[in-house]
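To keep things clear, I will list the structure first and then write my remarks on it.
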Amino acid sequence: MCQQCDNESAVSDHQISKRNFLKTISVSGLAMAGLSTREVLAAVPKPDNVMTPEAAFARLMAGNERYATGASHPFDFQRDRAALVDGQNPYASIVSCADSRITPELCFDEQRGDLFVTRVAGNYVTADILPSLEFSAVVLGVPLIMVLGHQGCGAVVASIAATEKHQDFPGHIQTITTAIAPAVKATAKESGDRLANVTRKNVLLNVERLKHAAPLLSKLVAEKKLKIVGGVYNLSTGRVELLT
């Protein structure tokens, strides 16, 4: 093969490698690689999702306001379908309860590719959810995590019964009640609605756990590259009450 062909082949291979690199590296990694803002935005499937933690938080809550007031945007599967085939860059991660009445994409009025959602009954951080959130923050460059509890949570009700009345639950359900038990114990002397108090405390304890989760999340929080907040979804109004 001639020298010119060799050079052209090398350039072509370099361009292909660069495209593959841009599809797999995180948003924060792209910036650290020395790419300009324009190049970063061109490399991700949803450029509007590249934002600061504060902007992500404002967008999330604005979406909830639209949802609560009946002004949600129509869901548009076609719009982002092709772009999302090769990758994702959501702008927020949600730790949500598995309750069928809670759907983060709906209550924050977002489309596919906008939210990175982990779900478990009782919305607490499990051994599997933590690395999932680390992946979202470090690999995908997500700048915001919200722990989302909700009104009338059955997992919290069960934990109160198991902790205070020593009620046993079948199978592995006791694992959930045990995980939420610290919130039950921490609010034992609080006045007011018992279920609401434990629900809020459970959210706050998990927010703190994530903020201090070494070595990855705690570092991003300290560098102000990641914001972690907590909220409780009201089943009656659809609004998310902020706790942090």
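List of remarks:
- Any chance Ala82 is of a type in the set (A, V, I, L, M), within 26 Å of Ile129 (Cα to Cα), open to solvent by 40 Å² or more (accessible area, probe 1.4 Å) and out of contact with any helix residue (DSSP H, G or I) (no Cβ under 8 Å at 6 or more places or on another chain): no
- Residue in region 35-53 that is touching a Lys or Arg at 6+ places or on another chain (Cβ under 6 Å) and not small (Gly, Ala, Ser) present: yes
- Only residues that are crowded, with 16+ Cβ neighbours inside 10 Å, aliphatic (A, V, I, L, M) and either under 18 Å from the mean Cα position of the chain (by Cα) or closer than 19 Å to Glu241 by Cβ (or both) were counted across region 183-215, and they come to 9.
- Pairs with Cβ under 8 Å, 6+ apart, first in region 65-90 and in contact (Cβ under 8 Å) with a residue 40 or more places away in the chain, second in a loop (DSSP other than H, G, I, E, B) and of a type in the set (S, T, N, Q): Arg66/Ser72; Ala68/Thr237
- Listed by first and then second residue, the pairs with beta-carbon distance under 6 Å, at least 6 apart or on different chains, first residue in region 155-167 and touching a residue at least 40 places away in the same chain (Cβ under 8 Å) and farther than 12 Å from Pro182 by Cα, second open to solvent by 20 Å² or more (accessible area, probe 1.4 Å) and of a type outside the set (D, E, K, R), are Ala155/Ala121; Ala155/Ile176.
Conditions (1) of a type in the set (Gly, Ala, Ser); (2) closer than 22 Å to Val139 by Cβ; (3) open to solvent by 60 Å² or more (accessible area, probe 1.4 Å); (4) at pLDDT below 90, marked per residue:
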{"position": "Cys5", "(1), (2), (3), (4)": "no, no, no, yes"}
{"position": "Ser17", "(1), (2), (3), (4)": "yes, yes, yes, yes"}
{"position": "Leu30", "(1), (2), (3), (4)": "no, yes, no, yes"}
{"position": "Pro47", "(1), (2), (3), (4)": "no, yes, no, no"}
{"position": "Pro53", "(1), (2), (3), (4)": "no, yes, no, no"}
{"position": "Ser93", "(1), (2), (3), (4)": "yes, yes, no, no"}
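- Residues in region 203-242 that are part of a helix (DSSP H, G or I) and in contact with a Pro (Cβ under 8 Å, 6 or more places away or on another chain): Leu205 only.
- Number of the condition not met by Thr178 [criteria: (1) out of contact with any strand residue (DSSP E or B) (no Cβ under 8 Å at 6 or more places or on another chain); (2) outside any loop (DSSP other than H, G, I, E, B); (3) surrounded by 14 or more Cβ atoms within 10 Å (Cβ to Cβ)]: (3)
The values are calculated or read from the model by the stated rules, or taken from the named source; none is laboratory data. Bear in mind the structure is a predicted one, so any value in this text is a computation, not a measurement. Cβ: placed from backbone, ideal geometry, glycine included. Neighbour counts: every protein chain shown. Accessible surface is based on the protein model in full, side chains and every heavy atom, while ligands, DNA and RNA are left aside. Shrake-Rupley method; radii C 1.70, N 1.55, O 1.52, S 1.80 Å.
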